[in-house]
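Data block below; observations after.
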Amino acid sequence: MKKVAMSEIKDDLSKYLRMAEREEILITRHGQPAGVLIGIADEDAWFDYRLENDPRFLERVAAARESLRKGRGVPLDDITSGRAAKGKGTGPRPKK
């Protein structure tokens with residue numbers, strides 16, 4: 001992560017935005033961390049960033065993982081084979 005003073009960023013923001021597409025830039029004010037400049041290369045990267053930082057999405061992922069840990073869910077093999085569509089595969093996976 002590159003470290004740059006806010007006074008430098010203000011003078012040439014477009015340069016630092018281009019740099020931020022390759023690596024995050026820590027912005028400092030009076031030598032202390034003040035923010036992070038993160039470049040977004042395209043619409044997909046913007047979507048990914050928003051999703052990865054959305055508390056509602058992160059809560060849903062955590063809940064889904066917890067559900068899977070408790071044995072609830074449908075194994076991928078059941079989905080691809082069509083067993084899940086027939087009502088099978090909704091409980092814990094049998095031990096082999």
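What follows draws every value from the coordinates through simple rules; no lab data is involved. What you see is a predicted model; the values in this text were computed from it and never measured. Because the Cβ atoms are built from the backbone with ideal geometry, glycine has one as well, and the counts that use them run over all protein chains shown.
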Proximal aspartates and glutamates to Lys15, defined as alpha-carbon separation beneath 16 angstrom and excluding residues fewer than eight positions away on the same chain: Glu23, Glu24
Report the gain in length on full extension from Trp46 to Gln32: 0.36 nm times residue separation, minus Cα-Cα distance, nm rounded to one decimal. 2.3 nm
Please report Rg over Rh for the chain, where both radii come from the alpha carbon positions and Rh follows the Kirkwood definition. 1.29
If you take every DSSP beta bridge fully contained in the chain, what fraction is antiparallel? Give it as a percent rounded to 5. 55
Within a Cβ distance under 12 Å of Thr28, other residues only, what is the Lys/Arg minus Asp/Glu net charge? +2
Positive end of the charge dipole of the chain (Lys, Arg +1 and Asp, Glu -1 on Cβ, about the Cα centre): tell me which of Gly39, Leu76, Tyr49 has its Cα farthest that way. Leu76
First select every other residue whose beta carbon is under 15 angstrom from the beta carbon of Lys2; then total the charges, Lys and Arg +1, Asp and Glu -1. -1
When the helices in the chain are scored as -39500 (n - 2.57) per DSSP H run of 4 or longer and the sum is shared across all residues, what 222 nm value do you end up with, to the nearest 500 deg cm²/dmol? -13000 deg cm²/dmol
